[in-house]
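Let me begin by presenting the structure, written as structure tokens, before commenting on it.
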Amino acid sequence: MNRAAATFAAVADTARSTWTWPIDLEPYNRSPLTSAEAEALRSLGWDVRRQRGYQRESIAWRRIGRLLRPLDDARDVLDVPDERLHRRSADDGIGLILWTCARTETAFWEWTPQAWAELIGADAKAFTRLWPGWIDGTTRPYLAAYAYLLTGFTDFHLLGKFKRLSVAGRVFGRSAVDSTLRQIMAVLDGWGYQTARRDCDKLHTTIAQTLLVNRSPRLEDLSTEMLTSLRDHPAIGRWGRSPLYGVHRAVAALGHADAPPRPNGGRPHEIEGACPEWMRWVDKWQATSTLTSRVRQNYHGQLAKVGRWLAAEQPEITGPADWTRATCATWVARVDRMTIGEFIQRSVIVEDRLGEPLSPRSKASNLNAVRTFLRDCQEWEWIPRRFDPAIALSTPRSIKALIGPKPRVIADDVWAKLLWAGLNLEPADVPPRSGQAYPIELIRAITLTWLFSGQRSDEIARLRVGCVRWQREDVAVPGRPGDVLAKDAVCLLDVPTHKTGTAFTKPVDPILGRAVEAWQAVRPVQPQMLDRKTAERVDFLFAHRARPVAKAYINLTVIPVLCRKAGVPTTDVLGQITSHRARSTIATQLYNAKEPMTLFELQAWLGHRSPETTQHYAKIAPTTLAKAYGDAGYFARNVRTVEVLIDRDAVASGAAASGEPWQHYDLGHGYCTYTFFEQCPHRMACARCDFYTPKGSSKGQLLEAKENLQKMLVGIPLTDDERTAVDDGQAALDHLLERLADVPTPAGLTPRELGLPPGAIPLPFLETDARAQDSTRQPCCPPKPLG
């Protein structure tokens, strides 16, 4: 007998003292089948149905009397409906049991649960295929009832889909079962459990299963030990654990048992592959540390990984006292080169990620766990102080440099689509599997809270009933004479104690407040639950079926639903769209609004302890940054535009190929025909060499009179001296002219030789040229030297 079976046997013994078992099994002869009984059963054949020709006093029937009597007694104590069909089915069940005794040459007292399961069938279809046409599905529950009453059969999981409620009603009586069922369901209905027929059937089945395993229909006979151990009973199965948790809560609410432990409470599993002595120290540390339970559990897993590394590569080190600086250096280097899947016991990661390097944050976390553990062992004087863990196990600078602030902003266009999806969320948008447990009002409220509150997922999950309050009248703004906050312009949201501070109140959009009030109007009354952060029993706003909504619900359900409705992917260039990214996005939009919030106002709205943290969230919007970049004129500062006239007649006639000027750069006071104008050192102030044509000359007038001219714009990059001249004015320009006085022009002579006056006029293209904004001109690239 396994441990679970022994537990249930003990519970059953206790139950019998409070509820009378309908059959006393002691007087029955439960010895193995004799040869005479087997021969009598074979001679009766299918006459064991006791239909036409049944002779009670015949020799064969008298020989099997000790088998027939307990079966008839069991039938008589069953609550059989007063219908011919059910009475016939009850007798047919007895006939099948006797016929199987003849076929197997064993008494039913000897049958194992597997033998009973073969008789009853893995499901209704399998049962009807095994037996003649006169056997139908109504016989199957009676077989299960006989097995239960006479041999204690409770392995209903071997029977597949089975009407356990029907069996419980036959055995205990429908009135007794209905009474217990009504009391439990009254509590569960008040908590919002009965939202679908399928869920209701699961609850009824779980309640019936619980009563059958406990061997009593009385609600008072359900104990904490029995309900807790039932989670591991194979008859419940994985599908029944969630309904069983609700049943246990209801029984506790009725005062018949203690409240159940939290589901998935993280029962410790046996650590494998790690040094036992090392794990003894780790367990001792976990029992002493005052860190939160979640952090302790996380560190415990990482320290178990260290224990496996020690067993594999450092077997001489068995405890924290054996660590030296050299051990620390070896561990830091090992973590830096560690890959996913190394030194772990249970892998829930995707197979294609095995062998990839750990992320920088994972490396830092592994080092921090050992650093904290060794530091505490030294501080508590468990081991001698031989080195400083904060120094010997510090995170390398190369790893720290890769760990930046977490906030990542969602692009404005994507965020706008997510807002639209949240404001127009319908029941059809939520997949039945992910949303069937929650009403649409709850889903809308938690969705809009994520979209408008800027709170962490943990804070959203821990909001309390009544957390929304309204500003019902106009209020003058303190410190701002003349400013008035109009009534109902915003609503106030009470945020509970959070990661970085105590509870506070913040203004939010009225849309959020209306959604929360719509949910509170239909929210079933829930029992108060423990807020583990504050150790208080509170009424959680987002609770249903006597359980708070998990903080992972936003990431696992809300965001995928919104992305699917909005037609956007769940990832972008910055990674996965997660619940925390909304906080950074909202903060950034408030910081870049037309009338932006100041850094300190944003700090108060986000609930940060320090403005330094707020700076990570308040990012300058890309459009704002682009406008500032455009106003800075980086390109315009380094490039100026010059108008150039292209003589198309000279190009078409071939004169340009023979050296005839074909392009004329407009200098304002004249034209330069030098082909490589952008390379001329005198372009800042033309020295008027032979390539220069004054505008007022006859040659310049003839050029301007030509009809087949094409005007284009060309960008000329400025040198450092030219840009200085533009920025610093005439003094820099005079210095440039002085430096170029003896530099030859394209014609060969220097400006000094040409007699250029000292006060030369700079070219207009070096200033802000309005002509560069003329969109009717075509751009022209500077010509390149031929050959």
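The values are calculated or read from the model by the stated rules, or taken from the named source; none is laboratory data. On a predicted model such as this, the values are computed, not experimentally measured, just so you know. Here the Cβ is made from the backbone with ideal geometry for all residues, glycine too, and neighbour counts use every protein chain on show. Heavy atoms of the whole protein, side chains included, go into the accessibility calculation; ligands, DNA and RNA do not. Shrake-Rupley method; radii C 1.70, N 1.55, O 1.52, S 1.80 Å.
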Task: Any pair with Cβ under 8 angstrom, 6 or more apart, that starts in the range 175-193 at a residue that is free of Cβ contacts under 8 Å to residues at least 40 places away in the same chain and ends at one that is basic (K, R) and outside any helix (DSSP H, G or I) - done: T180/R218
Task: All positions within the range 242-261 that are surrounded by fewer than 21 Cβ atoms within 10 Å (Cβ to Cβ), at pLDDT below 85 and in contact with a Leu (Cβ under 9 Å, 6 or more places away or on another chain) - done: P260
- [ ] Please go through the range 510-547 and pick out each residue that is under 23 Å from P243 (Cβ atoms) and in contact with a helix residue (DSSP H, G or I) (Cβ under 7 Å, 6 or more places away or on another chain).
- [x] V522, P524, V525, Q526, P527, F542, H544, R545, A546
TODO: For the range 435-446, indicate whether the set of residues that are among the aromatic types (F, W, Y) and at pLDDT 90 or above is non-empty.
DONE: no
- [ ] Please find, within the range 21-54, the residue that is farthest from G95 (Cα to Cα) out of those that are open to solvent by 90 Å² or more (accessible area, probe 1.4 Å), among the basic types (K, R) and assigned to a loop (DSSP other than H, G, I, E, B).
- [x] R30
Task: Single residue of the range 55-78 satisfying the filter (out of contact with any Phe, Trp or Tyr (no Cβ under 8 Å at 6 or more places or on another chain) and assigned to a loop (DSSP other than H, G, I, E, B)) that is most open to solvent (accessible area, probe 1.4 Å) - done: R56
Task: Residue list for the range 137-163, restricted to those being in a helix (DSSP H, G or I) and open to solvent by 30 Å² or more (accessible area, probe 1.4 Å) - done: G137, T138, T151, H157, L158
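Tell me the residue from A304, A364, A311 that is in contact (Cβ under 8 Å) with a residue 40 or more places away in the chain, buried (at least 17 other Cβ atoms within 10 Å of the Cβ) and either small (G, A, S) or outside any helix (DSSP H, G or I) (or both), please.
A304
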Task: So I317, is it under 17 Å from M279 (Cα atoms), open to solvent by less than 50 Å² (accessible area, probe 1.4 Å) and either part of a helix (DSSP H, G or I) or not aromatic (F, W, Y) (or both) - done: yes
Task: Matching option when the condition is open to solvent by 30 Å² or more (accessible area, probe 1.4 Å), assigned to a helix (DSSP H, G or I), among the aromatic types (F, W, Y) and touching a residue at least 24 places away in the same chain (Cβ under 8 Å), among W116, W109, W134 - done: W109
- [ ] List the number of the failed condition for R564; all other conditions in (1) more than 22 Å from the chain's Cα centre (by Cα); (2) modelled with pLDDT of 85 or more hold.
- [x] (1)
Open item on the list: Taking the conditions exactly as written (open to solvent by 30 Å² or more (accessible area, probe 1.4 Å) and modelled with pLDDT of 85 or more), does T288 satisfy them or not?
Closed with: yes
TODO: Please identify the pairs in which a residue from the range 376-400 that is farther than 24 Å from S362 by Cβ has its Cβ atom under 9 Å from the Cβ atom of a residue that is part of a loop (DSSP other than H, G, I, E, B) and open to solvent by 80 Å² or more (accessible area, probe 1.4 Å), counting only partners at least 6 apart or on another chain.
DONE: Q378/P384; Q378/R385; Q378/R386; E379/R385
Open item on the list: If I go through the range 496-513 residue by residue, how many of them are surrounded by 12 or more Cβ atoms within 10 Å (Cβ to Cβ) and without any contact (Cβ under 8 Å) to a residue 12 or more places away in the chain?
Closed with: 1
